[in-house]
Amino acid sequence: PRSTLFPYTTLFRSLTSWAQARELAVTAALARRRPADRYPPAGPDEVPVHVSPDLDAEVAAALTLTPAAGSVAVALALGFTRCRATWAMLEAGWLDLPRARLIPEYTASLDAEHAAAVEAAVLPGAPDMTTGQLRRALQRAILAVDPAAVRRRREAAERHARVDTWSDPEGTSNLAGYYLPPAQVLAADRHLTQIAIAWKRQGAAGGMDLLRAWAYLALLNGQDTSRPPARLLPGT
């Protein structure tokens, strides 16, 4: 019964959070001991500014991660060094990592004073929030202490815009863009819907999700979108 299993589930999740917090602490300690050339190691609880360029690869090798994932692990560990109260709640099992990591990630572009104010504003209620609710709470708190930070964060992210592809176990593939300008993304989304609606009126089979996906591919491959692909027409 749920009433019997629930306490054990909560205990195991708390243990997982504790273990993840300890792993992050070790990673941050390693970063403090691996400064870039000609820079001294950082002191306890300090955020090192100049770390060794080989640190990401070292962490990736130790944790069997890709170099990109190793870089993310280092950045997250150093982020928690600045958000010590959030890290303490993770270690205590009050927050899981998917929620706890949002706080250093959202406050990374803030100065220390503003980051501390945002952390203090959202942390008390964070254990009772979903990740979506916590994201919205963080956005509101950031707007309250530093409205310009939202713009800076978006502009910084847009400088790292990219398109990724990856494969699925089913043998299909995915294509997605990240850190794109919101207005252009919304316009592109509406364009896909308009094409899908036009195809539907011409007799294309399938739901809107399927038609939008094929419109997406047709546009990117420079194909004619005035008519639906033959494979979407009944009887083909």
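The values are calculated or read from the model by the stated rules, or taken from the named source; none is laboratory data. Quick caveat: nothing in here was measured; it's all calculated off a predicted structure. Ideal geometry is used to build each Cβ from the backbone, glycine not excepted, and the neighbour counts take in all protein chains shown. The protein model used for the area step is the full one, side chains on, heavy atoms only, and it has no ligands, DNA or RNA in it. Shrake-Rupley method; radii C 1.70, N 1.55, O 1.52, S 1.80 Å.
So here's what we get for this one:
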quantity	calculated
Condition check for ARG212: open to solvent by 40 Å² or more (accessible area, probe 1.4 Å), more than 30 Å from ALA68 (Cα to Cα) and outside any strand (DSSP E or B)	yes
Region 71-115: number of residues that are farther than 17 Å from PRO127 by Cα, open to solvent by 60 Å² or more (accessible area, probe 1.4 Å) and outside any helix (DSSP H, G or I)	2
Unique residue being over 20 Å from the mean Cα position of the chain (by Cα) and surrounded by fewer than 12 Cβ atoms within 10 Å (Cβ to Cβ) when the list is GLN194, GLN184	GLN184
Where GLY79 falls short, out of the listed (1) under 24 Å from LEU134 (Cβ atoms); (2) of a type in the set (Gly, Ala, Ser); (3) in contact (Cβ under 8 Å) with a residue 40 or more places away in the chain	(3)
Contacts under 9 angstrom Cβ, first residue in region 34-63 being among the hydroxyl-bearing types (Ser, Thr, Tyr), partner in a helix (DSSP H, G or I) and surrounded by 12 or more Cβ atoms within 10 Å (Cβ to Cβ), 6 or more apart	SER52/ALA31; SER52/GLU58
Pairs where the first residue, in region 124-149, is under 15 Å from LEU110 (Cβ atoms) and assigned to a helix (DSSP H, G or I) and the second is open to solvent by less than 80 Å² (accessible area, probe 1.4 Å) and of a type in the set (Phe, Trp, Tyr), C-beta under 6 Å, 6+ apart	LEU138/TYR106
From THR225, THR165, residue being surrounded by 12 or more Cβ atoms within 10 Å (Cβ to Cβ), farther than 28 Å from VAL122 by Cα and polar (S, T, N, Q)	THR225
Residue match in region 144-153 (condition: of a type in the set (Asp, Glu), surrounded by 13 or more Cβ atoms within 10 Å (Cβ to Cβ) and at pLDDT below 95)	yes
Some residue of region 37-52 being assigned to a helix (DSSP H, G or I), closer than 25 Å to TYR106 by Cβ and either of a type outside the set (A, V, I, L, M, F, W, C) or out of contact with any Pro (no Cβ under 6 Å at 6 or more places or on another chain) (or both)	no
Filter result for ALA68 (more than 26 Å from GLY125 (Cα to Cα), of a type in the set (Gly, Ala, Ser) and open to solvent by 50 Å² or more (accessible area, probe 1.4 Å))	yes
Residue list for region 30-52, restricted to those being small (Gly, Ala, Ser), surrounded by fewer than 15 Cβ atoms within 10 Å (Cβ to Cβ) and at pLDDT 85 or above	ALA36
